[in-house]
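Colleague: Just dropping this structure here.
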Amino acid sequence: CFFGIINVNAESGIVTDEDGVNLREEPNVESEKILSIPKNHAFYISNLNAGEGNGCNNPWYYVYYQGQYGYLCSTYVEVKEDSESGIVTAKRILAEDAAALAKFDAFNKRSEKKKDTTTINKTEIKNP
């Protein structure tokens, strides 16, 4: 039974690079690639300073994306405020809150299908 509450401070980010960005097992460009996150896809940022160097000119971020945790080079992404991006995010989430993570994954899947605009909470947002 799970009685403790674990809070995770999470920022949101969006991939800005045309080629997307690689999610890696360690904060190093030589590390194993877990997956690629396409341009304009959103993710949670768990740690804004998860390492420096190792092939990245800016800090490495430790992030969550579609059921996977890993590191990405912050050179290819932008941190967004909720009001700027319209992304479904949470500043504090329970570590085992599958419903919140499922909503976040669902947003990314919808954005794959609809390239020009995104509608969240009945507000249409033009995708960059």
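The values are calculated or read from the model by the stated rules, or taken from the named source; none is laboratory data. Worth saying up front: this structure is predicted, and the values here are computed from it rather than measured. Cβ coordinates were reconstructed from backbone atoms using ideal geometry, including for glycine residues, and neighbour counts include every protein chain displayed. Remember, those area values only see protein heavy atoms, side chains included, never the ligands or the DNA or RNA. Shrake-Rupley method; radii C 1.70, N 1.55, O 1.52, S 1.80 Å.
Colleague: Could you compute the FRET efficiency for residue 33 and residue 78, with r as their C-beta to C-beta distance and R0 at 25 Å, rounded to 0.05?
Modeller: Efficiency, from the Cβ-Cβ distance: 0.75.
Colleague: Rank these by accessible area, largest first, 1.4 Å probe: 33, 39, 80.
Modeller: Per-residue accessible area, sorted high to low, gives 33, 39, 80.
Colleague: Express in nm, to one decimal, how much length is gained between residue 46 and residue 68 on full extension, taking 0.36 nm for each residue of separation and deducting their alpha carbon distance.
Modeller: Details: separation 22, 0.36 × 22 = 7.92 nm, distance 1.21 nm.
So the extension gain works out to 6.7 nm.
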